[in-house]
Amino acid sequence: MNYWQKKIGICFIKDMGKRFLLVLISLVMFAGSAFAYSNPRWFSLPISVYIPKQEEAAIVTQAFKEWQLNSKSAVRFLFRYSANLASISNINVVFVDNVSGDRPYRVNHSFSQFGTYSRGCKNTNYFYNTDVILPLQKEDGEKLSKEQLKAIALQAVGVAVGVNLSEDANSVMYKESDFTKTTLSPMDIQAVNGVYRPTRK
């Protein structure tokens, strides 16, 4: 076999490899489309989470872990505490004195679909980046207790991973919550599984 025969053979093998990879990706995407997901969600797991290294970090980390453990890792997190890693994390936790509005926290999503992203566009399927803004104080300036911060963080994390607010007063995700509940209800667990454990169409 001369040089050119070898060269043509190598190019043919490379070309076939690319075609095979393209077919494989198409099959995976088709298989994924056979499932129905209830909400926008994170495309891949674990979700990297940056939490500033301060006193409240342990409480907020526990709120994320509650969702992970109770969902039996249907949703999973990779925690980062170094400020150098904030820019490459999926979720960034931001602590502020207080937050005004109908809820004492803010969750700001950017949405993505196949490499493009936009802030506030809910027609796409995946979260691109999310800021979770959590208060350290009540509106009157009094510092939040650990239990209050955890209750707020639990609902904020739920929103951050794609769980809807609930009409169930026993749910952490209850839309009129007084933020006293620090454990997930069966409804909360069912809701997060609905987002990350799809059902057949």
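Worth a mention:
- Reported count of residues in region 91-140, each being modelled with pLDDT of 90 or more, touching an Asp or Glu at 6+ places or on another chain (Cβ under 9 Å) and in a loop (DSSP other than H, G, I, E, B), is 2.
- Only one of the listed residues (K175, K181) is among the basic types (K, R) and in contact with a helix residue (DSSP H, G or I) (Cβ under 8 Å, 6 or more places away or on another chain). That residue is K181.
- Number of the exception - D178 against (1) loosely packed, with under 15 Cβ neighbours inside 10 Å; (2) within 19 Å of the chain's Cα centre (by Cα): (2)
- Near pairs, Cβ below 9 angstrom, 6+ apart or cross-chain, from region 56-76 (part of a helix (DSSP H, G or I)) to any residue that is among the acidic types (D, E) and crowded, with 20+ Cβ neighbours inside 10 Å: W67/D188; N70/D188
- Residues in region 141-187 that are among the acidic types (D, E) and assigned to a loop (DSSP other than H, G, I, E, B): E142, E167, D168, E176, D178.
- Qualifying position, being at pLDDT below 90, out of contact with any Lys or Arg (no Cβ under 8 Å at 6 or more places or on another chain) and either within 24 Å of L184 (Cα to Cα) or surrounded by 11 or more Cβ atoms within 10 Å (Cβ to Cβ) (or both), among N2, N39: N39
The values are calculated or read from the model by the stated rules, or taken from the named source; none is laboratory data. The model shown is predicted, which means the values in this text are computed figures rather than measured ones. No Cβ is skipped: glycine too gets one built from the backbone with ideal geometry, and neighbour counts run over all protein chains shown.
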